[in-house]
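Since the structure comes first, as C-alpha cells, the remarks are kept for the end.
The values are calculated or read from the model by the stated rules, or taken from the named source; none is laboratory data. What you are looking at is a predicted structure, and each value in this text was computed from that prediction instead of being measured. Don't worry about glycine lacking a Cβ; one is built from the backbone with ideal geometry, like all the others, and counts go over all protein chains shown. Ligands, DNA and RNA are stripped out before the accessible areas are found, and what is left, the full protein with its side chains, is counted by its heavy atoms. Shrake-Rupley method; radii C 1.70, N 1.55, O 1.52, S 1.80 Å.
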Amino acid sequence: LGQYNDEESAAILASYENLSKVDEELEELKAYWHGKLSNLYVQTPSSEFNNMINTWNAYQCFITFIWSRAASFIYCGLRNGYGYRDTVQDIQGIIHLDPEMAKEKIIFMLSAQVDNGGGLPLVKFDHNAGHEDTPDDPSYAQATGHPAYRADDALWLFPTILKYIGESGDKDFINEVIPYANKDEGTVYDHLKRAINFSMERLGAHHMPAGLHADWNDCLRLGKKGESSFVALQLYYAMSVLRDFASDLNDTDYIAYLDEVQKVLGDTIQENCWEDDRFIRGFKEDGEVIGSKKDPEASMWLNPQSWAVISGLATKEQAEKALESVYRELNTKYGARVMAPSYKDHAFDGALALLFNGSTKENGGIFSQPQGWIILAEALMGHGNRAFEYFMESSPAAQNDNADVRILEPYVHGQFTESVESPFEGRSHVHWLTGTASTVMVGCVEGILGLRPDLDGIKLEPAIPSDWKTFTMDKVFRGKKLHITVNNPSGAEGGYKACYLNGDKLDSNYIFAAALKDENEIILEM
Ligand code: IFM
C-alpha cells in the first residue's frame, strides 16, 4: 500500500472486502512458504532443533537472503545498498532449500566483484555491472561512504559457490561468464582465481593477508601492514575449494600453483599464529600480536579457533586444544563470547570494539553469527554433544521461558547477546537481519545433521548428542527424494558404522548422486 497513491491503495483495500479473496491469498501464502521450506524436514528428539531447522531458522534465512542488512532501522538505518560479505554469507542459509534462488544472487554478487578480485564493500541497489566505480575511485567513497576494500569480502564466495554447486550438481556453473563490477568479464572460475590474487597481492610481513579496512570483524582496523589470522584461514580454505574445481577442470598448472602457495600459507600460519593452546587473532600494523595468551585483555578469540578447524588447517591435536580453550575461556550459558576479556584499558588504535561497553557487541559480547561456526567446528571434529550444547545455549527456541531476560522473540536470532560483565547478561539485540541465520543453519545442517553435498554426491556424517537414539531427515537432493534414518543404539556422538542405500550396503558414508533413484531409503548406523 505504501507504494501507491491514496486512490490506488483504496482500490486495493476494497478488493479485500471479498472474503473469499482473503482466503485464497492466505492459502497461496501458506502454500508458498510450505513449498519454500519443504526441501528438508527433520524429526529429531529435540523440539527446539526441529522448530528452528524446519521452520523458524529457515524462514529467517529467507528474510536475510532477501534484505541482507539493507532495510533495518535498528541495524544501521537505511542503507543504499547491500554489504558484500553479509550478502554472500546470507546466500548460504537457503542453498539447501532453494539452490536456484541462490544461484541468481550468486551471479549478482559475482558481478559486484571488482576486476582486481576484491568485492565492492557496498553494492548499490541500482548496481550496474561493468560500469561501477570502485573503492579506488574517490567518487565511490563519496557515493557509498565506503572508502576502502575489506580483506575478507570476496573470500566468502568460495564456501557459497561450493555449497551451491554441491547442492544443485550444476558443475557447468564454474564456466559461466559473468561481468566484473567495473570492467571486463570472466568465468566463475576466473572470478575465484582473481579473488585469490586479491589476497595474494596484499600480504603483510608474515606473508599472511593484510587486514585492510576490516575483516569479518568490522571493529578491527589492521590496515595494509597488519594481518588477520581469520582471513589467512579463509584464504587457506579458499585454496582447497578452488583446488577441487581445478582438478575437475584438469587445470594442472593452476593445481601446482595452488599447492605451492597453500603450503607456504599453511606453514606461515602454523609458525606465526599457533600459541600453545590457541590461534592468535593477527598482527597490528607495528607487528605486535593480537590475541596472545599473555595479553591482559582480548587474549582469546573465537573465530580463529573455529576457522582453524573449518579451514582444515589445524592438526587434530591443535583442533582439540583450541576448541577446549574456547569452551573454557569463552563459553557462557548463552553461547561463546567473540573474545575475552573485553577491552577496557589495553585496546590498540585499530580496536574499535572499545567503543562498546565490555560484554556487548564485538567487545566481548556473545556475537551470534560465530555460534554457527563453533557448532560446525565441533561437529566436524565429531563432538556432537558440544555442538548441540552450543546450539541450545544460543538457540531462540530454547529460550521460550526466558523472554524477560532475552527480550527478543523466541523464534528469531539476534545479532548479539550481552555477556557476563553486563548487568543485562542474556539480553539479545538486533533481531531478524543478522548473518546468524545462515551460519547457524549451516552449522546445524552440515555440522550436526552432517548433510554435506559436494561435486559428485553427498556425505552423511552427523555429529549429534549421544542420547539421540534415532532421527529422520527427509531431503530433496538434486530433484531426488532422500528418506534418511539415522540409528544410534550405542550412544555415539559422531562417526558411523554402516550406511545403506535402498537396501545395499555402501563402502562408506558417501552417496554418489548417480546412484540415486527418484525415491531413496537411506539408513546410517552410527
Ligand atoms: O561481520 C560483520 C557484519 O558484516 C556486519 N555485522 C557485524 C559483523 C561483525 O563485525
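Tabulated data
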item	result
In segment 501-526, the residues that are open to solvent by 100 Å² or more (accessible area, probe 1.4 Å) and among the aromatic types (Phe, Trp, Tyr)	512
First in segment 146-162 and touching a residue at least 24 places away in the same chain (Cβ under 8 Å), second anywhere and polar (S, T, N, Q) and assigned to a loop (DSSP other than H, G, I, E, B), Cβ under 9 Å, 6 or more apart	149/116; 149/134
Subset of segment 458-480 (residues that are part of a loop (DSSP other than H, G, I, E, B) and out of contact with any His (no Cβ under 7 Å at 6 or more places or on another chain))	461, 462, 464, 465, 466, 467, 468, 469, 478, 479
Unmet requirement for residue 488, which otherwise passes all of (1) open to solvent by less than 40 Å² (accessible area, probe 1.4 Å); (2) in contact with a Ser or Thr (Cβ under 6 Å, 6 or more places away or on another chain)	(2)
Sole exception among (1) at pLDDT 95 or above; (2) farther than 18 Å from residue 306 by Cβ; (3) more than 16 Å from the ligand (Cβ to nearest atom) for residue 400, by number	(1)
Segment 221-243 - residue that is more than 15 Å from residue 264 (Cβ to Cβ) and open to solvent by 10 Å² or more (accessible area, probe 1.4 Å) and, of those, nearest to the ligand (Cβ to nearest atom)	221
2 or more residues crowded, with 23+ Cβ neighbours inside 10 Å, in contact with a helix residue (DSSP H, G or I) (Cβ under 8 Å, 6 or more places away or on another chain) and touching a residue at least 40 places away in the same chain (Cβ under 8 Å): qualifying strands (runs of 3 or more DSSP E) within segment 395-457	414-417, 451-453
Out of 336, 347, sole residue that is within 16 Å of the ligand (Cβ to nearest atom), hydrophobic (A, V, I, L, M, F, W, C) and surrounded by fewer than 24 Cβ atoms within 10 Å (Cβ to Cβ)	347
Residue identified as touching a residue at least 60 places away in the same chain (Cβ under 8 Å) and away from the ligand (no atom under 16 Å from the Cβ) among 22, 42, 88	42
Residue within segment 494-516 that is of a type in the set (Ser, Thr, Tyr), closer than 19 Å to residue 54 by Cβ and at pLDDT 95 or above present	no
Residue match in segment 92-114 (condition: in a loop (DSSP other than H, G, I, E, B), polar (S, T, N, Q), within 21 Å of residue 214 (Cβ to Cβ) and more than 16 Å from the ligand (Cβ to nearest atom))	no
Residue 69 being modelled with pLDDT of 95 or more, open to solvent by less than 50 Å² (accessible area, probe 1.4 Å) and under 28 Å from residue 443 (Cβ atoms)	no
The lone exception for residue 255 - which of (1) buried (at least 24 other Cβ atoms within 10 Å of the Cβ); (2) more than 20 Å from residue 119 (Cα to Cα) it fails	(1)
Selected residue (criterion: farthest from the ligand (Cβ to nearest atom)) from residues of segment 355-374 that are under 14 Å from residue 421 (Cα atoms), touching a Cys at 6+ places or on another chain (Cβ under 9 Å) and not in a strand (DSSP E or B)	356
